[in-house]
There are 2 protein chains.
Amino acid sequence: MARTGRRPGTGGTREKILRAARRQFARGGYEGATIRGIAAAARVDPKLVLHYFESKEGVFSAAMDFPFDPAAAIPALLEPGLDGLGERLARFFIEVWDSPGGARAHAIVRSMVSSDSAAALMRDFVSREILARLAQALKLDRPQVRASLAASQLVGIAMLRYVVKVEPLASASPERVAAWIGPTLQRYFTDPSATRSSQGQP
Amino acid sequence: MARTGRRPGTGGTREKILRAARRQFARGGYEGATIRGIAAAARVDPKLVLHYFESKEGVFSAAMDFPFDPAAAIPALLEPGLDGLGERLARFFIEVWDSPGGARAHAIVRSMVSSDSAAALMRDFVSREILARLAQALKLDRPQVRASLAASQLVGIAMLRYVVKVEPLASASPERVAAWIGPTLQRYFTDPSATRSSQGQP
C-alpha cells in the first residue's frame, strides 16, 4: 500500500504531477489520460512521472487517494488459487475499510454518488485494474459478470456496515462478516450455475 | 405505491403536514417522531394526519419521497411463502429502481451518503419497516443478520447498476440480474449455514 501514500522529501514536484494528473483524469477519463499528457501538463519529463508512480495506475491511485494498490493487492489475493478466494477477498476488503484507508474509501464513495463524472472515472479504474484482474483468473463462463456480482456484494457491505451503519452488520467482527459474505463471493467466482439467467438455463 | 405519491386536490394542508413531518423526523429521528408531535407542529388535528397518511410510516414515506410503501410491499412479497422469496424480492427491488421511483431511490442514496443524520433517519425506517418485517418471517437463527445480509446484496446491486453503472450489470435485463442475485438472497434467508461464523461452526 506504500505506493499510494505520501512520500516525504519529494518536494513540490510530486504534488505538481498529482495536480496535473487530477486535471488530466477529469478531462480524459481513466482510459484517455496518459503518462505523457500528465507529464506535459506538469511540465516535467515523463520519466519523472514513472520514477515517482511507476505506472498510470500508480499515478491514479495516488492522485485519487485510493486506499490500496490493485497492482499489488489483487495478484496477492489470487496467488493461492481460486480455493477460498471469496473469503480472502472479503477479509482484505473489510480490513481496508476498518483501517485508516476506510476514510479514503468513504470519501471515494461520497464523490461517486454525488458526481457522475467522478463515478465514471472510478468505474473505469476499478473495472480495468480490479475487476478485469479478477475476471482474468476465473476459469468459467462470463468472468466479467462474476467479478461484478462479487463487487456488488462487497460494495453493499461497505454501504450498510460503514456508511449507513445498519446493525448487526456495523458492529460484527471483520472475521464474522467475511465468513458471512465469503461463500457468496466464492459462489459468484466458481459456481458454474451462478451466471445462469434462470433455473437450469444458461 | 399510491400512498406515497402526491394526491391532487388536498390543498395546502397536506404539504403543511409534510413540512412539519420533515422537521420532526430530522429532530427526533424515525423512532422519536410521533403523529401527535407532527400534528402539533403543523397545527392540525392528529386525526387529519392519519386521514392523509394512515400511519407514522405513511407520513415518513410521503415526507421522504420513499419509492414504495413497505407496509404493502413486504407482506405481498412474503405472502407466497419463503420459497422463491430471494428472486421475488430481487425482482421487486430492481423494478422499483428501473421505474420512475428509481430517481427517488437515487436521491435517497445520495442524501444518506452525504449526511450522517439522513443516513441514521433512513436506516431506522428501513430497519424497522423493511428488515424487521422480513426478519419476522424467517424461520431460522439470527433473522436480523439474514435480512441485513440480503439488504447488503440489494444495495450493492443498486450502487453498481444504477449509481456507478458498472458493466455488464448496468445493461443486463432486470430478469437476468434478479436470477443472478436471487439465489444469494435465498441463501441468506433460508440456508441454515448462512450465519455460521466460520466453516462448520455456528
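Directionally averaged projected area (the range A:85-158, Cα convex hull): 5.0 nm².
Which residues does the label zone of A:SER173 cover in the range B:137-151, counting backbone N under 20 Å from a point 7 Å along Cα→Cβ? Taking a point 7 Å out along Cα→Cβ of A:SER173, the residues of the range B:137-151 whose backbone N falls under 20 Å are B:142-146, B:149. The loop-placed trypsin sites (Lys or Arg not before Pro) in the range B:89-198, going by DSSP, that have at most 14 neighbouring Cβ atoms within 10 Å of their Cβ come out as B:LYS139. Here the sum of -39500 (n - 2.57) over DSSP H runs of 4 or more residues, divided by the residues of the protein assembly as shown, equals -20500 deg cm²/dmol at 222 nm, to the nearest 500.
Between the range B:59-121 and the range B:16-38, what is the separation of their alpha carbon centroids in Å? If you average the Cα positions of each part, the centres end up 20 Å apart. Report the calculated FRET efficiency for A:ASP191 and A:ARG27 (r = Cβ-Cβ distance, R0 = 35 Å), to the nearest 0.05. Taking R0 as 35 Å, the efficiency between A:ASP191 and A:ARG27 is 0.25. The orientation-averaged projection of the convex hull spanning the C-alpha atoms of chain B amounts to 12.5 square nanometres.
Given a Förster distance of 45 Å, report the FRET efficiency between A:ALA76 and B:ALA72 from their Cβ-Cβ distance, rounded to the nearest 0.05. So the FRET efficiency works out to roughly 0.40.
Kindly flag which residue pairs out of A:LYS16/B:LYS165; A:LYS47/A:LYS139; A:LYS165/B:LYS139; A:LYS139/B:LYS165 have an alpha-carbon separation exceeding 28 Å in this structure. Could you put the intermediate results ahead of the total?
Details: A:LYS16/B:LYS165 31 Å; A:LYS47/A:LYS139 37 Å; A:LYS165/B:LYS139 25 Å; A:LYS139/B:LYS165 25 Å.
Those over the limit are A:LYS16/B:LYS165; A:LYS47/A:LYS139.
Simple point charges give the picture: +1 on the Cβ of Lys and Arg, -1 on the Cβ of Asp and Glu, and for the protein assembly as shown a dipole about the Cα centre of about 1200 debye. Note on A:ASP98/A:LEU140: beta-carbon distance plugged into 1/(1 + (r/R0)^6) with R0 of 25 Å gives a FRET efficiency of 0.20. Let me know the shape class of the range A:116-202, please: from the alpha-carbon gyration tensor, a ≥ b ≥ c as square roots of the eigenvalues, rounded when a/c is under 1.5, otherwise prolate if a/b is greater than b/c, or oblate. It comes out oblate by the Cα gyration axes.
Helices of chain B meeting both criteria, an alpha-carbon length of 18 angstrom or more along the long axis and an average Kyte-Doolittle score not below 0.5, with helices taken as full DSSP H segments, are B:143-158. Using Cβ point charges alone (K and R +1, D and E -1), the dipole size of the range B:69-178 about the Cα centre works out to roughly 180 debye.
Here, each number is a calculation from the coordinates, and none is a lab measurement. Because the structure is a prediction, the values reported are computed rather than measured. Cβ sites come from the backbone with ideal geometry, for glycine too, and all protein chains shown count toward neighbours.
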